[in-house]
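Below is one structure, written out as structure tokens, with a few remarks after it.
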Amino acid sequence: ETRRPWWHTAVVYQVYPRSFADTNGDGVGDIPGITSRLDHLAELGVDVVWLSPVYRSPHDDNGYDISDYTDVDPLFGSLDDLDHLIAEAAERDIGIVMDLVVNHTSDEHEWFRDSASSADSVKRDWYWWRPARPGTTPGEPGAEPTNWGSFFSGSAWQYDEASGEYYLHLFSRKQPDLNWENPEVRAEVYAMMRSWLARGVAGFRMDVINLISKRVGPGGALADGPERPDGWGDGSAQYVDGPRMHAFLAEMHEQVFDAFPGTYLTVAETPGVTLEQAREYTDPERREVDMVFQFEHVGLDHGPGGKFDPRPLHLPDLKANLARWQEGLAETGWNSLYLGNHDQPRAVSRWGDDGEHRVVSAKTLALVLHLHRGTPYVYQGEELGMPNAGFTALEQYRDLESLNYAADAERRGLDADDVLRGLAAQSRDNARTPVPWDDSPHGGFTTGEPWIAMTPGWERTNARAQRADQGSVFHHYRRLIELRHTDPVVVDGAFALLAPEHESLWAFTRTTEDSQLVVLANLSGGELAVDLAAIGVEGGADLHDVAVASHAEAARPDGEGRIVLRPWESVVFRRA
Ligand code: ISL
Ligand code: CA
């Protein structure tokens, strides 16, 4: 038997530093704030913290626009503060995984300043500079080198008057894309990564890493893409999982992780990745990354107009999607498991019921996710059942994706109320409001004014209140994490989906040679009667050993193997 990597049994907690805990009253979370709340994470039982970026940054995209990879932004503290956090986390057996944002830098990074300084700069080729489309006037509409739209609205090209050329930015214009074709760029990135490993970090979450290899034609040509709803082109076929991806990741592995013997956690953020690609990225034999974040399941409620044109989720689609990834990575590779992060709306609002059934629906979504096979990621506040931000006016939003979208929607003549509805459902700011720690002003997040409004309801749902209540969402997450740490079936058991077409029941089994878990969840606000034999569970009448459940007194099958689940109730039975 091969020894399993430590991250197979680990649970990761994502901290978005800006919104976690503020210690100096400037209204923005900071690194000492994270250190001051480590006991919350230790009680929850997580093994790893993934820290969203804390590097020096102009904060156009809240730190995902980095101007110096080697230093901490003064907004968040200092390198000493970070060393202290790493040490204090280690005391609690928690590793710190850094966010690695190397598809692009900030336009204020010295590499880009140098690159932009002149067409003859030795670093010119470190970014994607291109002339205007032949036969057009540089700088005029339609002269962009390709029709690609940015992820954050508008063109993906920014005109530079000084040189008469354009640079590529798949994200904001303050996030120019690095040219990974250039070996000097790669060497710099690897050296930077090694310096962080030397500092004692436990690994990396790699931001949009599957966009680093662009498909380049003869003479450096880049191809146009099909038109998107906003009129720009979708260039993704030219840069998602591009031709040199595997070569770059294998080289990184060799130059960084092999050079620093140890065992790290690496997770590649890979929008648009297919299951087939993911299997290659995560095949241990290929020595690339440990797992990827896939995006299929978080796109199931996007409508024809994109993410801000949401449509209701059809539950069988979500079940089928996760089941497909379970199956696809069962033999080779490994899954990440997530419902939310700093880019997604809150799961309880999106797929649960953030009104009457907020607590129990948050518990059931968590239970279902955590009983899948893979490494679960808990996004800050998810363990408190935090709902969406509840913003009703544009002025409340801070995120550039949301604000750019609203401005562009106005230009396109979309209905203003539809835009606000789209943002309320899908804006990234839904997940970026401050964590409420107690019932003091601003939830104890800050003694000043928070940089973004608190989500209403925190007076009752803050962390202190939940830690004192065994029936809280917090303690439910704690129990799910403990179950993963103590029951090997949760880690290794083969996954089998039951009743795939059922529109409110989410049921599956996890099975090893000597034991089995039967997972039953009601994803609706009504009672749900389930005939266990009819969904393929034999001997249902004998299920009585409850491993974990949404309610203190879990539902039990009757003598005929029939069980009635209350609204949003879920339960896991164990049998030997
Ligand atoms: O939320 C999205 C926009 O609709 C996603 O497409 C998101 O931009 C994509 O998942 C990449 O996200 C990562 O890189 C971005 C950064 O803004 C996100 O916060 C980060 O998670 C650029 O660095
Ligand atoms: Ca602060």
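The values are calculated or read from the model by the stated rules, or taken from the named source; none is laboratory data. No experiment lies behind these values; they were computed from the predicted model shown. Positions of Cβ are generated from backbone atoms using ideal geometry, with glycine treated the same way; all protein chains shown enter the neighbour counts.
Residues are listed down the side, and each one gets a yes or a no for (1) within 27 Å of the chain's Cα centre (by Cα); (2) buried (at least 22 other Cβ atoms within 10 Å of the Cβ):
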| site | (1), (2) |
| --- | --- |
| Pro138 | no, no |
| Glu161 | no, no |
| Phe171 | yes, yes |
| Glu184 | no, no |
| Val189 | yes, no |
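Checking Gly225, Gly233, Gly262 one by one, the residue that is modelled with pLDDT under 95, out of contact with any His (no Cβ under 7 Å at 6 or more places or on another chain) and away from ligand 2 (no atom under 16 Å from the Cβ) is Gly262 and no other. The single condition among (1) free of Cβ contacts under 8 Å to residues at least 40 places away in the same chain; (2) in contact with a Pro (Cβ under 8 Å, 6 or more places away or on another chain); (3) under 26 Å from Ile481 (Cβ atoms) that Glu553 does not meet is (2). Taking segment 405-442 as the range and being among the basic types (Lys, Arg), within 26 Å of the chain's Cα centre (by Cα) and not in a helix (DSSP H, G or I) as the test, only Arg432 passes. Checking the structure you have, find out if any residue of segment 73-86 is aromatic (Phe, Trp, Tyr) and within 16 Å of ligand 2 (Cβ to nearest atom). The answer is yes; a qualifying residue exists. Look at (1) of a type in the set (Lys, Arg); (2) out of contact with any Pro (no Cβ under 7 Å at 6 or more places or on another chain); (3) under 30 Å from Ser427 (Cβ atoms) and you find that Arg279 fails only one, number (3). Within segment 21-54, being surrounded by fewer than 22 Cβ atoms within 10 Å (Cβ to Cβ), in contact (Cβ under 8 Å) with a residue 40 or more places away in the chain and among the hydroxyl-bearing types (Ser, Thr, Tyr) holds for one residue alone: Thr35. Restricting attention to segment 253-272, does a residue exist that is surrounded by 23 or more Cβ atoms within 10 Å (Cβ to Cβ), β-branched (Val, Ile, Thr) and assigned to a loop (DSSP other than H, G, I, E, B)? Yes, that holds for at least one residue. Just so you know, in segment 38-72 the residues that are in a loop (DSSP other than H, G, I, E, B) and either farther than 19 Å from His342 by Cα or modelled with pLDDT under 95 (or both) include one that is nearest to ligand 1 (Cβ to nearest atom), and it is Ser67. The set of residues in segment 288-317 that are part of a loop (DSSP other than H, G, I, E, B), within 13 Å of ligand 1 (Cβ to nearest atom) and under 16 Å from the mean Cα position of the chain (by Cα) comprises Gln294, Phe295, Glu296.
Residues in segment 313-338 that are free of Cβ contacts under 8 Å to residues at least 60 places away in the same chain and in contact with an Asp or Glu (Cβ under 7 Å, 6 or more places away or on another chain): Leu313, Asn321, Thr332, Gly333.
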